[in-house]
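Have a look at the structure below before the remarks.
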Amino acid sequence: MNKSILLTIFFIFSCSSNNNTMQETTIIHDESIRTFYTYVPSEVTKGTTLVVGLHGYTGNAKSFIRNGEANFNNFLEINNFIGAYPEGKSFKANGRNFSSWNDLTGSIGEGPKGDICDIDRDYYPFPPDCENPHRCSWASCGDDIGFIEKVIDHHKNKYDIQRVIVIGMSNGGMIAQAIGCTLTDKVDAIINIEGMQALGMSCTPKKPITMVIYGAKNDTTVPPEDILASDGYFYEPMQNTVNDWKSAFNCSNSTTKETLSPANISETHFYDCDDGVTVTSILDHNNDHDWPKPYKWGINLLFDPILN
């Protein structure tokens, strides 16, 4: 039985900037204590946008936001967007802290094309909330999508929010895509940064939703083109996911542009799709498993297909 306990306090990541002042909220979901942080810009407009930011494997809200020029809250402040940063379930193993999201693939370990990892693959400790995990399982087995839905509802009940964008990096990108496939009535767009889902398990929504997906050619952790990652796990190529989404939404037109500076980027934007959604793929020819660089420019790169 789920209990509804809500606790909100102010939390400060750093004293260097007002943009680092956060509201910390703790709830009980699926019999677990879950935490998320909220950034509220100095000016909140009616019909504002909520951006839900999801960290990667072993990360947390702070690692997603970053500091300095890459501070994600700077982007929110400039655009008068509200930010929500949920944290994945975490546990300690071998002296390290492991956190992850259940995108409904990494927790299962086996898909329609077989095991999602090679026989000789790197070992990741099994999250304690997984019962009888598959040998390829590495991600949380909890109801993370339900938790993030509660985070969205919390902010919608508190603020006048017109649009919801979910953005995630790596494992956060994997669950951002899963949210786009399952919470289409509550989310308007998703941005998947280097979060290709497991081979044969890349989901497609039943209803149209806007997507931006970014991959980097030198990324061997979650490769956008090669199926086999350096740790022995298999991932669905980015182009397959893009083709599935644009076909499902009957996108009839597209534009392609090449950018050489400040990064070598190939971007294809599909439009004239059902319900006015768009699908955008961005391939970085030089980056590895990281946000597009330079970071401030990279954040705008990811959001431009949605905002402009």
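The values are calculated or read from the model by the stated rules, or taken from the named source; none is laboratory data. The structure displayed is predicted, hence computed values, not measured ones. Using ideal geometry, Cβ is built from the backbone for each residue, glycine included, and neighbour counts are taken over all protein chains shown.
Going through (1) closer than 19 Å to Ile179 by Cα; (2) at pLDDT 95 or above one by one, Asp30 falls short only on (2). Scanning the stretch 204-241 for residues that are surrounded by 22 or more Cβ atoms within 10 Å (Cβ to Cβ) and outside any loop (DSSP other than H, G, I, E, B) yields Thr210, Met211, Val212, Ile213, Tyr214, Gly215, Ala216, Tyr233, Phe234, Tyr235, Met238, Thr241.
More than 22 Å from Trp138 (Cβ to Cβ) and free of Cβ contacts under 8 Å to residues at least 40 places away in the same chain: which single residue out of Ser281, Ser261 fits that description? Exactly one of Ser281, Ser261 is more than 22 Å from Trp138 (Cβ to Cβ) and free of Cβ contacts under 8 Å to residues at least 40 places away in the same chain, namely Ser261.
Could you please let me know if Ser254 is in contact with a Phe, Trp or Tyr (Cβ under 6 Å, 6 or more places away or on another chain), among the hydroxyl-bearing types (Ser, Thr, Tyr) and either closer than 29 Å to Thr49 by Cα or assigned to a loop (DSSP other than H, G, I, E, B) (or both)? So Ser254 passes the test.
In the stretch 191-203, what count of residues is obtained for those that are buried (at least 21 other Cβ atoms within 10 Å of the Cβ) and either within 15 Å of the chain's Cα centre (by Cα) or part of a strand (DSSP E or B) (or both)? If you could, list the steps in order and put the result at the bottom.
To start, the set of residues in the stretch 191-203 that are buried (at least 21 other Cβ atoms within 10 Å of the Cβ) comprises 191-199, 201-202.
Of the ones still in play, those that are also either within 15 Å of the chain's Cα centre (by Cα) or part of a strand (DSSP E or B) (or both) are 191-198, 202.
So the count comes out to 9.
Residues in the stretch 164-192 that are under 19 Å from Thr58 (Cα atoms) and among the charged types (D, E, K, R): none. A count restricted to the stretch 134-158 and to residues that are part of a loop (DSSP other than H, G, I, E, B) and either surrounded by 17 or more Cβ atoms within 10 Å (Cβ to Cβ) or touching a Lys or Arg at 6+ places or on another chain (Cβ under 6 Å) (or both) stands at 8. Among residues of the stretch 264-278 being assigned to a loop (DSSP other than H, G, I, E, B) and either without any contact (Cβ under 8 Å) to a residue 60 or more places away in the chain or not aliphatic (A, V, I, L, M) (or both), the one that is surrounded by the most Cβ atoms within 10 Å (Cβ to Cβ) is Thr278.
Within the stretch 84-107, the set of residues being part of a loop (DSSP other than H, G, I, E, B) and at pLDDT 95 or above comprises Glu87, Gly88, Trp101, Asn102, Asp103, Leu104, Thr105, Gly106, Ser107. Only a single criterion out of (1) out of contact with any Phe, Trp or Tyr (no Cβ under 9 Å at 6 or more places or on another chain); (2) assigned to a strand (DSSP E or B); (3) without any contact (Cβ under 8 Å) to a residue 60 or more places away in the chain is not satisfied by Asp244, namely (2).
A Cβ distance below 7 Å, combined with a sequence gap of six or more or placement on separate chains, defines the contacts here; from the stretch 155-179, residues that are farther than 23 Å from Asn300 by Cβ and touching a residue at least 12 places away in the same chain (Cβ under 8 Å) reach residues that are among the charged types (D, E, K, R) and surrounded by fewer than 22 Cβ atoms within 10 Å (Cβ to Cβ) in the pairs Asp160/Lys46.
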